[in-house]
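First comes the structure, then the notes that go with it.
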Amino acid sequence: MTLTDVPGIHLGHDSAGDTGVTVVVAPAGAVGAVDVRGGGPGTRETDLLAPHNTVERVHAVTLTGGSAFGLAAADGVMTTLETRGIGFPVFGPDRPGPIVPIVPAAVIFDLDVGDPGNRPTAASGSRAVESALGGADAASASSSVGAGCGATAGRVRGGFGQAVARVGEWTVAAGVVANPVGEVIDAATGRLFGAPSLPPVDPAAFGALGASGAKLNTTIGVIATDAPLNKAQATRVAMVGHDGIARAVYPAHSPMDGDTLFTMATGDGSGVGVAELAELSAAAAECVREAIVTAVTTAEPGLSLSTWGELRKRDSGQV
């Protein structure tokens, strides 16, 4: 189950070994919102998503590696959407004229993994959009893909993860790049903070990795739903979604993280009741938590980073 289970949502990646881009596209537009909790964010076009500002709908969200350099990927996303006729009609829907795709973006810091000179570009963003809209089998991909290629989660390799839930007639999903400064594994027990019921790693093996070398990291992602959220409600969902980061990462939202979550709601924007909003918000938090767990548990070996899976095999004597 993936983000694309939400009607109107498309997902694409461009991977370049030690960095990459992930793009969530809503060709018909989606009510957009954002909440930033980390102390060191790298973002683009987030001010327009404030509930009191004019623009209601976004056409894509770009998640990218490369630190601030990676924001260039959003240029390619915009250009490619424009060529496909996707964007905001400047002179109104019934008058010919230019269109402007609305594409907020957020970055992770991955310059300390692999080659720091290898950064996503506008071409990377363009390829990710083509992947999303071209029918490529990118939607089901998780872990070491797209913006998750160079992600680290404390002392182990992070990545890109997804999770989906149903709330009544609506679908809620999250796609998260897990790249926190904080740990996802409890050093005392070897268990994942976000999934303590899963088998633990050997605490001694985890401890042997030494202290986390991460000084600048972040967790970023998109919560998507087909519920008819208005802009203020979409903002609330993004806010509560951060509870999922706090359940899976310790500590979360540090001064060195840039934790940023977007909401994309593909409904008609008419709004939901307070009780429904509470349920949708709670589901969003759980999806974010589960997506982080998925990113970590499916991480692939590489880039001289240890993975949760490798530590589990060592504990069970398989390697």
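Some values worked out for this structure:
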quantity: Wholly within the range 208-319, helices (runs of 4 or more DSSP H) carrying at least 2 residues that are at pLDDT 95 or above; calculated: 231-248, 274-297
quantity: Among (1) surrounded by 19 or more Cβ atoms within 10 Å (Cβ to Cβ); (2) closer than 21 Å to residue 49 by Cβ; (3) not hydrophobic (A, V, I, L, M, F, W, C) - the single one residue 307 does not satisfy; calculated: (2)
quantity: Failed criterion for residue 246 (all others in (1) more than 28 Å from residue 28 (Cβ to Cβ); (2) in contact (Cβ under 8 Å) with a residue 24 or more places away in the chain; (3) among the small types (Gly, Ala, Ser) hold); calculated: (2)
quantity: Residues that are buried (at least 19 other Cβ atoms within 10 Å of the Cβ) and in a strand (DSSP E or B), drawn from the range 170-202; calculated: 170, 171, 172, 173, 174, 175, 176, 177, 178, 183, 185, 192
quantity: Filtered residue count, the range 169-188, keeping only those that are among the small types (Gly, Ala, Ser), touching a helix residue (DSSP H, G or I) at 6+ places or on another chain (Cβ under 7 Å) and touching a residue at least 24 places away in the same chain (Cβ under 8 Å); calculated: 4
quantity: Residue count, the range 262-279 (criterion: charged (D, E, K, R) and in contact with a strand residue (DSSP E or B) (Cβ under 7 Å, 6 or more places away or on another chain)); calculated: 1
quantity: Some residue of the range 59-67 being under 23 Å from residue 261 (Cβ atoms) and out of contact with any Pro (no Cβ under 8 Å at 6 or more places or on another chain); calculated: yes
quantity: Total residues in the range 10-26, condition surrounded by 24 or more Cβ atoms within 10 Å (Cβ to Cβ) and either over 11 Å from residue 224 (Cβ atoms) or of a type in the set (Val, Ile, Thr) (or both); calculated: 11
quantity: Out of 258, 221, 271, sole residue that is touching a residue at least 40 places away in the same chain (Cβ under 8 Å), buried (at least 24 other Cβ atoms within 10 Å of the Cβ) and in contact with a helix residue (DSSP H, G or I) (Cβ under 7 Å, 6 or more places away or on another chain); calculated: 221
quantity: Residue tally, condition surrounded by fewer than 24 Cβ atoms within 10 Å (Cβ to Cβ) and of a type in the set (Val, Ile, Thr), over the range 143-155; calculated: 1
quantity: Strands (runs of 3 or more DSSP E) lying entirely in the range 1-81 (those with 3 or more residues that are small (Gly, Ala, Ser)); calculated: 20-36
quantity: Count of residues meeting criterion [in a strand (DSSP E or B) and crowded, with 24+ Cβ neighbours inside 10 Å] in the range 157-169; calculated: 6
quantity: Evaluation of residue 115 against (1) surrounded by fewer than 21 Cβ atoms within 10 Å (Cβ to Cβ); (2) in contact with a Cys (Cβ under 9 Å, 6 or more places away or on another chain); (3) of a type outside the set (Gly, Ala, Ser) (one fails), failing number; calculated: (2)
quantity: Subset tally (residues that are surrounded by 24 or more Cβ atoms within 10 Å (Cβ to Cβ) and either in a loop (DSSP other than H, G, I, E, B) or at pLDDT below 95 (or both)) for the range 103-112; calculated: 5
quantity: Residue in the range 82-91 that is part of a helix (DSSP H, G or I), free of Cβ contacts under 8 Å to residues at least 40 places away in the same chain and farther than 21 Å from residue 40 by Cβ present; calculated: yes
quantity: Any hit, the range 100-119, residues being in contact with a helix residue (DSSP H, G or I) (Cβ under 9 Å, 6 or more places away or on another chain), over 30 Å from residue 54 (Cβ atoms) and of a type in the set (S, T, N, Q); calculated: no
quantity: The range 27-68, subset over 15 Å from residue 222 (Cα atoms) and hydrophobic (A, V, I, L, M, F, W, C), residue surrounded by the fewest Cβ atoms within 10 Å (Cβ to Cβ); calculated: 28
quantity: Hits in the range 282-297 (condition: under 14 Å from residue 224 (Cα atoms) and of a type outside the set (Gly, Ala, Ser)); calculated: 286, 287, 288
quantity: Residues that are at pLDDT 95 or above, closer than 26 Å to residue 249 by Cα and touching a strand residue (DSSP E or B) at 6+ places or on another chain (Cβ under 7 Å), drawn from the range 15-45; calculated: 20, 21, 22, 23, 24, 32, 33, 34, 35, 36, 43, 44
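The values are calculated or read from the model by the stated rules, or taken from the named source; none is laboratory data. Quick caveat: nothing in here was measured; it's all calculated off a predicted structure. For neighbour counting, all protein chains shown are included, and Cβ atoms are generated from backbone atoms with ideal geometry for every residue, glycine included.
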